[in-house]
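Data block below; observations after.
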Amino acid sequence: LIYDSFAHYLVTEKGYDKDLLTLAPDSLDFCCKGLVLDIEEGDFLKLAEDGRVLRASHGTKSMTSEEILETYGRREWKHFNTVSGMVSRSAKYYLYDNYFDLPGALLCARVVDSLDQHDGQKKYDFWKDMVAAIQHNYKISAFKEDCGMYFPEVKKHPDKYLQRCPESVKKWLKQLKSAGKILLLITSSHSDYCRLLCEHILGNDFEEYFDIVITNALKPGFFSHTPNQRPFRTLENDEEQEALLSLDKPGWYSQGNAIQLYELLKKMTGKLDPKVVYFGDSMHSDIFPARHYSNWETVLILEELLGDKVTVPAETESEPLEKKGKYEGDQPKAPYFVSEQWGSFFVDRLPGLENEEETLVRTWSCRCISTYSTIAIPSLEAIADLPLDYRFTRFSSNSTATAGYYPSPPRALLRNEESVTMK
């Protein structure tokens, strides 16, 4: 749906090739978290922890080891310093680090293919049109105005797109609350879309699970902005009201910043430095800023830990791998399964010439996980049945690089722990 809603806009509003509207089911294999798009070159890159290029594609077409070495050499990618310091995005590159963004990666890659075919371009300027497509489909008024393809479709068929929250997770949220924890929901979605999702996923009583709900939070800015730059606002019928000078009580708010939220948490807990544990699935919007600006504990939801089972050798399995992990019928496989084109999310071989020995290294995405998250889990379900005082082993500079993965580290890392050179 996300792919279609962007492609439709590019074709109808911006005159792009209508071939973009048809999607071969196996082309979704291109979607892999942790890729960086070099916007001007039209290249997608998978980076090693030291910034060297492990794999690359121009548009959707994979580059050979020789081409990578010729184009990028054995040194760190030119923007690595800026992207890695802030886990950031810019006009020159875009980091794809969550499933909501990923269909856009495939679309951009196909746009590059199409421009090459028709114009033989060397530098690309399609990005402004991509941004316009995102704006058109996701702007704050789009839900209310039934604008774009995305919101109208989700409203019409929520069951097709949304999975209900497992009972174990609901029970866990209630347990946390009755143990005296304060529960927050912080989302960049506007309140109307948030309500649709939460009613469908948690039920009509979803507000009872949370003490504080913050919508249109515009993460990562929520963590980095000052109260003056981004004050909290109250809502009436999903319309934002005037800015608040301070946050005085629990409730539902829009916009805001982590500084004033933390002041409210001090008041509510009666503690000078209440501990916050923040769960998120995006390194860029959730984990990095919550750790870097607010020094919160961070739990990364990393579905790639679910796809790990696919690496079991076929002979130990009761049925062939091809049949595993597929949904019924001709559905594409789940997005967290290892991409044929891009390989493991966690480790990869450095491109070398034919006769060179291969070196296995951790990916940059993998390094970010152990640097900025306290622990990483495949889903909330994975921890929902544990006692509330369960002690997790955290990532830390003096433990192994795999310590913080629960329930177990990715196989790719374990298999290579001896051979991966840890920096």
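Points worth noting:
- Applying the criterion of at least 2 residues that are in contact with a Phe, Trp or Tyr (Cβ under 9 Å, 6 or more places away or on another chain) and open to solvent by 10 Å² or more (accessible area, probe 1.4 Å) to the strands (runs of 3 or more DSSP E) found wholly in region 204-290 leaves 232-236, 251-255, 277-280.
- Flag for residue 90 being surrounded by fewer than 16 Cβ atoms within 10 Å (Cβ to Cβ) and assigned by the TED database to the domain that holds residue 17: yes
- Among the residues of this structure, residue 162 does not count as one that is of a type in the set (A, V, I, L, M), under 22 Å from the mean Cα position of the chain (by Cα), closer than 28 Å to residue 336 by Cβ and open to solvent by less than 20 Å² (accessible area, probe 1.4 Å).
- Checking 400, 393 one by one, the residue that is outside any helix (DSSP H, G or I), of a type outside the set (Asp, Glu) and open to solvent by 80 Å² or more (accessible area, probe 1.4 Å) is 393 and no other.
- Those residues of region 7-41 which are under 21 Å from the mean Cα position of the chain (by Cα) and within 23 Å of residue 83 (Cβ to Cβ), in sequence order: 30, 31, 32, 33, 34, 35, 36, 37, 38, 39
- In region 193-203, of all residues being crowded, with 19+ Cβ neighbours inside 10 Å and of a type outside the set (Phe, Trp, Tyr), the one that is nearest to the chain's Cα centre (by Cα) corresponds to 194.
- Residue within region 3-25 that is closer than 13 Å to residue 110 by Cα, in contact (Cβ under 8 Å) with a residue 60 or more places away in the chain, crowded, with 16+ Cβ neighbours inside 10 Å and among the polar types (S, T, N, Q) present: no
- Answer residue from region 118-140, given it is surrounded by fewer than 12 Cβ atoms within 10 Å (Cβ to Cβ) and more than 17 Å from residue 14 (Cα to Cα) and is modelled with the lowest pLDDT among those: 120
- Going through (1) crowded, with 19+ Cβ neighbours inside 10 Å; (2) of a type outside the set (Ser, Thr, Tyr); (3) over 22 Å from the mean Cα position of the chain (by Cα) one by one, residue 74 falls short only on (1).
- Answer from 104, 85 - the residue that is free of Cβ contacts under 8 Å to residues at least 40 places away in the same chain and within 19 Å of the chain's Cα centre (by Cα): 85
- Flag for residue 243 being within 16 Å of residue 182 (Cβ to Cβ) and in contact (Cβ under 8 Å) with a residue 12 or more places away in the chain: no
To keep it simple, each residue is scored yes or no on (1) modelled with pLDDT of 95 or more; (2) out of contact with any helix residue (DSSP H, G or I) (no Cβ under 8 Å at 6 or more places or on another chain).
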residue: 309; (1), (2): no, yes
residue: 313; (1), (2): no, yes
residue: 330; (1), (2): no, no
residue: 338; (1), (2): no, no
residue: 352; (1), (2): no, no
residue: 390; (1), (2): yes, no
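- When region 205-245 is filtered for residues that are over 18 Å from residue 187 (Cβ atoms) and among the aliphatic types (A, V, I, L, M), the ones remaining, listed by number, are 243, 244, 245.
- Single residue of 50, 19 found to be assigned by the TED database to the domain that holds residue 125 and assigned to a helix (DSSP H, G or I): 19
The values are calculated or read from the model by the stated rules, or taken from the named source; none is laboratory data. No experiment lies behind these values; they were computed from the predicted model shown. Every residue, glycine among them, receives a Cβ derived from its backbone with ideal geometry; neighbour counts consider all protein chains shown. Surface accessibility is based on the protein's heavy atoms, side chains included, excluding ligands, DNA and RNA. Shrake-Rupley method; radii C 1.70, N 1.55, O 1.52, S 1.80 Å.
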